[in-house]
Number of protein chains: 2
Amino acid sequence: MDRSIPLIKHFVALIKMDPFDSSGRFIESLAQKVIGSLDLKVVQKFEHTFKPDGITLGFVLAQSHLVIHTWPESGTIHIDLVACSPIKEKKFKQALISFLDKQNIQLIEVKAVNFF
Amino acid sequence: MDRSIPLIKHFVALIKMDPFDSSGRFIESLAQKVIGSLDLKVVQKFEHTFKPDGITLGFVLAQSHLVIHTWPESGTIHIDLVACSPIKEKKFKQALISFLDKQNIQLIEVKAVNFF
C-alpha cells in the first residue's frame, strides 16, 4: 500500500474581495485562467446559481476537479482544485493573483492538502 | 473582513482498499451514505467514467460540494467534501467506516482544511 500513488495535488484558496464581480462570466474567466495556467483538461462542466446570490461553478478534469463557490454577500470566493498531475501551488496562486483586481483583494490564502 | 464568514467546513478523505468495488453503483451508495449521514441536500449530480478505470462522481450541494474520485488500479478512493454548514469531521469519518468493508480497509485518513 503506497499512499503516494496516485500523485494527488490538492490546493484550496480562500479569497476575500469586497466587492467583486460575481457574474457567472467573471467566475468562468477566473476558472479558465486557472485551467489554462496549469494545463488542465476539462471533460465536463457544471454550474448552479443560488438565490439570492452565489454561484457554484465546477469542472470535472482529466486530472480530477476544480470547483469554485462564491458568497458575494461576504465578498468570498472559495476555490478547490484536485489534480493527479504535478501542478505547483505557486503557479496556482499566481494564476489567481494575476487575474484578480489587486486593489480589491483583502485576503488570498492557499492551503495544500497533503496525505504523504 | 471576517474570514470565518461564511462558515466553510472542508474535509478530505483518502482511503486505500485493495480491492474495492469500483462500480458506479457502489461509489454512488458511498456518496449517498455521506449525504444522508450529514443531512446534505443535493441540487445537481455529475459523473464521469475514465478509461480504462476510475470514476469521478460529484454532487453540487445546497451546502457546497461532494466529489469522489477512484483509482481502482491503486486501490484508492479520494473524497472531497465542502459544506457551509456545521458538519462534523467525526460524523463524516464514521459514515465512511460504517459503509466500507472494514476487513479490506488499509488506510482511511481524514484531513480538515481550515482557514481560521
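Laboratory data are not the source of any read-out in this text; all were calculated from the coordinates shown. Note that the structure is a prediction, hence the values are computed from the model and not measured. Virtual Cβ from ideal backbone geometry, glycine too; neighbours counted across all protein chains shown.
With a ≥ b ≥ c the root eigenvalues of the C-alpha gyration tensor of segment B:9-112, is it rounded (a/c under 1.5), prolate (a/b larger than b/c) or oblate?
Here segment B:9-112 falls in the oblate category.
With θ set to phi - 60° and the Karplus curve 6.51 cos²θ - 1.76 cosθ + 1.60, what are the ³J(HN,Hα) couplings of segment B:92-105 in order, to the nearest whole Hz, using x for Gly and Pro?
4, 5, 5, 4, 5, 5, 6, 8, 7, 6, 4, 5, 9, 6
Apply the a/c threshold of 1.5 to the C-alpha gyration tensor of segment A:40-79 and tell me whether it is rounded, prolate or oblate.
Since a/c reaches 1.5 but b/c is at least a/b, the shape of segment A:40-79 is classed as oblate.
Sorted by average packing, counted as other Cβ atoms within 10 angstrom per residue and highest first, what order do B:35-43, B:52-60 take?
Averaged packing, sorted descending, gives the order B:52-60, B:35-43.
Long-range amide H contacts for B:S85: which residues qualify at under 5 Å (H placed 1.01 Å from N, peptide plane, sequence gap of 5 or more or a different chain)?
Excluding prolines and chain starts, which carry no amide H, the hits are B:K9.
Show which aspartates and glutamates lie in cross-link reach of A:K51 when reach means a straight Cα distance below 15 angstrom and same-chain residues fewer than eight apart are skipped.
Straight-distance partners of A:K51: A:E73.
Excluding residues fewer than 8 places away in the same chain, name every one of the aspartates and glutamates whose C-alpha is closer than 16 Å to that of B:K91.
B:D39, B:D80, B:E109
Going down the list A:K33/B:K90; A:K45/B:K111; A:K9/B:K88, which pairs span over 28 Å between their C-alpha atoms?
From the list (A:K33/B:K90; A:K45/B:K111; A:K9/B:K88), the Cα-Cα distance tops 28 Å for A:K33/B:K90.
Quote the relative contact order of chain A in percent (integer), defining contacts as alpha-carbon pairs under 8 Å separated by 6+ residues.
Over chain A, the number comes to 41 percent.
Need one value for A:104-115: mean number of C-beta atoms belonging to other chains within 10 Å of its residues' C-beta atoms.
Averaged over the peptide's residues, the number is 3.
Under the convention of a label 7 Å out along Cα→Cβ, give the distances in nm from B:S85 to the same position in every other copy, shortest first.
Label-point distances to the other copies, shortest first: 3.4 nm.
Taking each residue in A:37-49, count the Cβ atoms of any other chain within 10 Å of its Cβ, then average. What number comes out?
Mean number of neighbouring Cβ atoms from other chains: 2.
Answer with one residue from A:L7, A:V42, A:S22: the one whose Cα lies farthest towards the positive end of the charge dipole of segment A:1-75, charges on Cβ with Lys, Arg +1 and Asp, Glu -1.
The one lying farthest along the dipole's positive direction is A:L7.
If you find the alpha carbon centre of segment A:9-53 and of segment B:81-116, how far apart are they in angstrom?
26 Å
For the rotation that superimposes chain A on chain B, which residue of A has the C-beta lying nearest to the axis, and at what distance in Å?
Of all Cβ atoms in A, the one closest to the rotation axis yields A:F46, 2.
I need the phi-derived Karplus couplings for segment A:21-38: 6.51 cos²θ - 1.76 cosθ + 1.60, θ = phi - 60°, integer Hz, Gly and Pro marked x.
Per residue, the Karplus-derived 3J(HN,Hα) values read 6, 9, 5, x, 5, 5, 5, 4, 5, 4, 4, 5, 4, 5, 4, x, 5, 9 Hz.
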